[in-house]
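Colleague: The following block contains the structure, expressed as structure tokens.
Since every read-out is calculated from the coordinates, none of them should be taken as a lab result. Everything numeric in this text was worked out from a predicted model, so none of it was measured. Backbone-built Cβ (ideal geometry, glycine too); neighbour counts: all protein chains shown.
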Amino acid sequence: MAQTLTARVWREQPQRYRMIANKDKKSGKVYFPPRLVTPDDLNAEFEDVQLSGAGKIASWTVIRVAPAPFTDLSPYALAIIETEEGVNVTAQIADCDVENIKTGMPVKFEFRKIYEDNEASIIYYGYKAVIV
Amino acid sequence: MRDVAVVGIGITKFGELWEQSFRNLFVEAGKAAILDSGVEKIDSMYVGCMSSGLFVGQEHIGCLMADYLGVSPIPAVRVESACASGGVAFRQAFIEVASGMSDVVLAGGVEKMTDVDGAIATYALATAADAEYEGFQGVTFPGLYAMMARAHMDRYGTTSEMLAHVSVKNHDNGNLNPYAQFPVKITVDTVLNSVMVADPLHILDCSPVTDGAAAVIVTTVENAKKLGKPAIRIAGSGMATDSIALHSRDDMTTLNATKVAAEKAFAMANMTLKDIDFAEVHDCFTIAELIVLESLGVYAPGKAGEAAMAGETARSGSFPVNPSGGLKSKGHPVGATGIAQIVELVKQLRGEAENGRQLDNVKRGLAQNMGGSGGSATVHILEV
């Protein structure tokens, strides 16, 4: 993989560290990551919303054949989480028994290390879900 | 728009081809297609390829392939739409001939996937997902389709056994395809007892990592009639897109880009599903074949699994699907797949399918190719 410079990482910090989403003022629909336009309105006005971190598992899998740079982590659980705000987010489920996950389980998001890129000397942080 | 046909086809053996280079694969397929068509020259070329940069460290491949196929200085462009790159290359060739801009266009596809190890190949494929919001979390393509499978199971009661039947059927077909990567018959038990890649998908629910190339020659129907080969007319072409991230879809159990692309292709062809005799569809994973057939309207939502178990999609069934062996058995060199599907349609419509794979009395076939978790899709309808 190409070496990543830090701008690409800190640019995403509001989303990865604090889960900042945005909401279309007119429809109330929440987008994560934030969007600049909606399919209905090129001039839509948005306001920032911080996701509460609460949600439930909409679908899930266990990754047993992992891509670089996640090979040391496998097997790990991965899910699409339906958040309290209605927007879906893909995330790993940390600290769980991968054999006992079920659709519908309530989860909350936590701030976690995602992986380390030794070549670029960058430690990536972001959100993972844990079962409540 | 002019009436357009396919007049030549070429395909390489699919597999782990360590002795074949990226460029030689494409040239072998391109040369075969040109010779098969009987055309003396081509005016332009499209090369479908998903990720030569990550797989072999090579970009600028329109130029490379035109050079090595000996057709410079014609225009040659790479088109990329992840695993739908081949389908899009074919559509661009169709549009260029239909518009009158060119008379003879080569549409090819190629991928050289085995020059990197498995983790890098998995990473390269995962770049077809949303890199910042799926890939960053450790998503893989088996993982995304596994989540679609889980949602389909939760909603409709689809079972792993139903999925296994798709794999068994496609291997039955691929067993008769001399170009297939895995021309071997398997059983439902073999699938269900194979190693888990991303629950609930076993390794035998997944298409393999493959090297290979395919090419076709597209020209006007009028020109085709002078060449002596049966003109296989492109009756309809459609392409559509959807969200790149699976999590952004309202419904994980349907593929809207496929649905819309099919509607466009049927409208152009002035046909309905009833007019279609068979299909090649994008079975990158067993669940994909089921959801694609439901999205095309062949089966009602949730019903494709039972149909697979009943043998309806087998060569002898009411609607044969993937007589080539599909991506599962034939192999899935991602950029080449969309063109390889067209090659199979042409073989079937000419009555040239090898080793007893030939379907009886087929006049019209449909090819559905898609990228990523379904974020882009093409549908083409060909008729003899």
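Colleague: What size of dipole, in debye to the nearest 20, comes out for the protein assembly as shown about its Cα centre when the only charges are +1 on Lys and Arg C-beta atoms and -1 on Asp and Glu C-beta atoms?
Modeller: Rounded to the nearest 20 debye, it is 680 debye.
Colleague: Find the relative contact order for region B:208-274 and round it to a whole percent, using C-alpha pairs within less than 8 Å whose residues are 6+ positions apart. Mind dumping the intermediate values first?
Modeller: Numbers: 44 pairs, mean separation 21.1, N = 67.
Once normalised by length, the contact order is 31 percent.
Colleague: With a cut-off of at most 15 other beta carbons within 10 Å, and DSSP calling the residue loop, which GluC sites (Glu not before Pro) in region B:1-97 qualify? Please list them. Mind showing how you got there, number by number?
Modeller: On the way: sites: B:16, B:19, B:28, B:40, B:59, B:80, B:96; in loops: B:16, B:19, B:40, B:59, B:80.
Sparse-neighbourhood loop GluC sites (Glu not before Pro): B:16, B:19, B:40, B:59.
Colleague: Other chains near B:129-137: what is the mean number of their Cβ atoms within 10 Å of each residue's Cβ? Don't skip to the end; give the middle numbers.
Modeller: On the way: counts 1, 2, 0, 6, 9, 4, 3, 8, 14.
The shielding value for this peptide is 5.
Colleague: Under the rule of at least 5 residues apart or a separate chain, name every residue whose amide H is placed under 5 Å from the amide H of residue B:197.
Modeller: Here B:202, B:203 satisfy the definition.
Colleague: Moving to a separate point now. Could you name the lysines whose alpha carbon sits less than 23 Å from that of residue B:274, not counting residues in the same chain fewer than 8 places away?
Modeller: The qualifying lysines are B:169, B:259, B:264, B:303, B:347, B:363.
Colleague: With a 10 Å Cβ neighbour count serving as the proxy for reagent exposure, in which order, fewest first, do B:199, A:24, A:72 appear?
Modeller: Details: B:199 23, A:24 18, A:72 8.
Going from least to most buried by this count: A:72, A:24, B:199.
Colleague: In what sequence do B:72, B:316, B:52, B:81 fall when counting other Cβ within 10 Å, fewest first? Let's see the in-between values first.
Modeller: Numbers: B:72 12, B:316 9, B:52 23, B:81 26.
In order of increasing Cβ crowding within 10 Å: B:316, B:72, B:52, B:81.
Colleague: If you plug each phi of region B:82-94 into the Karplus form 6.51 cos²θ - 1.76 cosθ + 1.60 with θ = phi - 60°, what whole-Hz ³J(HN,Hα) values come out, in order, with x for Gly and Pro?
Modeller: For region B:82-94, the Karplus curve yields 6, 6, 9, 4, x, x, 6, 4, 5, 5, 5, 5, 4 Hz.
Colleague: While we're here: So what are the ³J(HN,Hα) numbers for region B:65-79, from phi and the Karplus equation (6.51, -1.76, 1.60; θ = phi - 60°), rounded to whole Hz, Gly and Pro as x?
Modeller: Residue by residue, region B:65-79 yields 6, 5, 4, 6, 7, x, 10, 4, x, 5, x, 9, 10, 7, 10 Hz.
Colleague: Report the Cα centroid-to-centroid distance between region B:268-339 and region B:1-64 in angstrom, as an integer.
Modeller: If we compute the Cα centre of each part, the gap is 25 Å.
Colleague: Residue-wise, which Karplus ³J(HN,Hα) couplings in Hz belong to region B:189-200, taking 6.51 cos²θ - 1.76 cosθ + 1.60, θ = phi - 60°, and x for glycine or proline?
Modeller: 4, 4, 5, 5, 9, 7, 4, 7, 9, 8, 3, x
Colleague: Still on this structure: Which whole-angstrom value gives the distance between the alpha carbon centres of region B:193-211 and region A:78-116?
Modeller: The two parts, judged by their Cα centres, are 23 Å apart.
Colleague: Evaluate the Kirkwood expression for the hydrodynamic radius of the protein assembly as shown, namely the inverse of the mean inverse distance over all pairs of different C-alpha atoms, and round to one decimal in Å. Let's see the in-between values first.
Modeller: On the way: mean 1/r = 0.0430 Å⁻¹.
23.3 Å is the Kirkwood radius here.
Colleague: If you don't mind, another one. Against the globular-protein guess of 2.2 N^0.38 Å, express the Cα radius of gyration of chain B as a ratio, rounded to two decimals. Let's see the in-between values first.
Modeller: Numbers: Rg = 18.9 Å, N = 384, 2.2 N^0.38 = 21.1 Å.
Computed over Cα atoms of chain B, the ratio equals 0.89.
Colleague: Check residue A:112: other-chain or 5+ apart residues with amide H under 5 Å from its amide H, H built from backbone geometry?
Modeller: A:126, A:127, A:128
Colleague: Now for a different question. Return the ratio Rg/(2.2 N^0.38 Å) for region B:258-368, where Rg is computed over Cα atoms only. Could the numbers behind the result be given before it?
Modeller: Working: Rg = 13.1 Å, N = 111, 2.2 N^0.38 = 13.2 Å.
Here the answer is 0.99, to two decimals.
Colleague: How many lysine pairs in region A:2-131, separated by 8 or more positions in sequence or lying on different chains, have Cα atoms less than 16 Å apart?
Modeller: Numbers: A:56/A:102; A:56/A:108; A:56/A:128; A:108/A:128; A:113/A:128.
Lysine pairs meeting the criterion: 5.
Colleague: Using just the C-alpha positions of region A:2-131 as equal point scatterers, what log10 of I(q)/I(0) does the Debye formula give at each q in 0.12, 0.13, 0.20, 0.22 1/Å?
Modeller: Here the Debye-derived log intensity ratios amount to -0.53, -0.62, -1.17, -1.27.
Colleague: If you don't mind, there's one more thing I want to ask. Fewest Cβ neighbours within 10 Å first, please rank B:77, B:97 accordingly.
Modeller: Numbers: B:77 15, B:97 28.
Final ranking by Cβ density, sparse to dense: B:77, B:97.
Colleague: Would you grab the residues whose amide H sits under 5 Å from the one on residue A:49? Only those 5+ places off in sequence or on another chain, please, with H modelled 1.01 Å from N.
Modeller: A:21, A:22, A:23
Colleague: Further question: Percent of Cα-Cα pairs per 10 Å bin, from 0 to the last occupied bin, for region B:318-384, please list those.
Modeller: 20, 55, 22, 3
Colleague: So, in nm, how far is label residue B:363 from label residue A:121 when the simple model puts each one 7 Å beyond its Cα toward the Cβ?
Modeller: Between residue B:363 and residue A:121, the label points sit 7.1 nm apart.
Colleague: Are there GluC sites (Glu not before Pro) in region A:50-132 that DSSP puts in a loop and that have at most 15 other Cβ atoms within 10 Å, and which ones? Could you put the intermediate results ahead of the total?
Modeller: Numbers: sites: A:82, A:84, A:85, A:99, A:110, A:116, A:119; in loops: A:84, A:85, A:119.
When the GluC sites (Glu not before Pro) of region A:50-132 are filtered for loop state and at most 15 Cβ neighbours within 10 Å, A:84, A:119 remain.
Colleague: Counting only DSSP beta bridges with both residues in the protein assembly as shown, tell me the antiparallel percent, nearest 5. It would help to have the intermediate numbers written out before the result.
Modeller: Working: 73 of 88 bridges.
Bridges in the protein assembly as shown that DSSP calls antiparallel: roughly 85 percent.
Colleague: Between 0 and 90 degrees, rounded to the nearest ten: what's the tilt of helix B:160-174 against the longest Cα principal axis of chain B?
Modeller: Taking the Cα atoms of chain B, the angle to B:160-174 is about 30 degrees.
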